[in-house]
Amino acid sequence: GENVEQHPSTLSVQEGDSAVIKCTYSDSASNYFPWYKQELGKGPQLIIDIRSNVGEKKDQRIAVTLNKTAKHFSLHITETQPEDSAVYFCAASIWLTGGGNKLTFGTGTQLKVEL
Amino acid sequence: DAGVTQSPTHLIKTRGQQVTLRCSPKSGHDTVSWYQQALGQGPQFIFQYYEEEERQRGNFPDRFSGHQFPNYSSELNVNALLLGDSALYLCASSLAKTGDDEQYFGPGTRLTVT
């Protein structure tokens, strides 16, 4: 089955700096790659996603890149703010025989933005 | 536009007992997926329901079962609870059409088994 690895497990940056989180996946059939932000005591919130036919996508301070050949994708956050502090999860989605899709998640990155 | 809702928020059960968790999908969504998130880990796929049937299942024992109702809401049932079942249970909803992969999560139910 699909396996998603995520690095680093913790990341500490100064406010205003950039943060980069990297993930690799194993199944070349995966075709959708969302990123989720999870704050303490809350469910994961979808913040950006990318599909396998696109190499890069940007939404304000957040961008995601995908390298299908190398099977890795990355989240880039620019001009970080204290409210960006949270756990970030990458995931890979594969459509399954019989219909439907499932998300396979990485192990998460605890991002701390320091003043 | 209501998002995904789950109930209850927290639950404490004893080993061997049974539990039922509930989920209402985002308005307009027809597919519900359930995930288990252990402390410090990423969510793990349990199963997915569409048209009132279990469409896909992850690597979880038969003690985990579910149901989807005609209004698309869903229940997750866990029998013979083990200490290791303690986790945050997340429900995610989506719309079943080709290429529409986005899954939106609810706040979760925190289950503690003692």
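Computed from the coordinates by the stated procedures, all read-outs in this text should not be read as laboratory data. Since we're looking at a predicted model, the values are computed, not measured. As a convention, Cβ positions derive from the backbone with ideal geometry for all residues, glycine included, and neighbour counts pool all protein chains shown.
Overview of values
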| item | result |
| --- | --- |
| Once the Cα gyration tensor of chain B is diagonalised, semi-axes √(5λ) in Å | 23, 14, 13 |
| Relative exposure of A:I94, B:I46, judged by other C-beta atoms within 10 Å (fewest first) | A:I94, B:I46 |
| Average beta-carbon neighbours from other chains, 10 Å sphere, peptide A:102-111 | 5 |
| Order of B:T31, A:T107 - criterion: other Cβ atoms within 10 Å of each residue's Cβ, fewest first | A:T107, B:T31 |
| Lysines with Cα under 28 Å of A:K102, excluding same-chain neighbours fewer than 8 positions away | A:K22, A:K37, A:K42, A:K57, A:K58, A:K68, A:K71, B:K26, B:K97 |
| Taking all pairs of distinct alpha-carbon atoms in the range A:10-102, Kirkwood radius in angstrom | 14.1 Å |
| Cα-centre dipole for chain B with unit charges at Cβ (Lys and Arg positive, Asp and Glu negative), debye to 20 | 520 debye |
| Centre separation in Å (Cα based) which lies between the range A:15-94 and the range B:69-114 | 22 Å |
| Neighbour-count ranking [beta-carbon atoms within 10 angstrom, fewest first] of B:I12, A:I50 | B:I12, A:I50 |
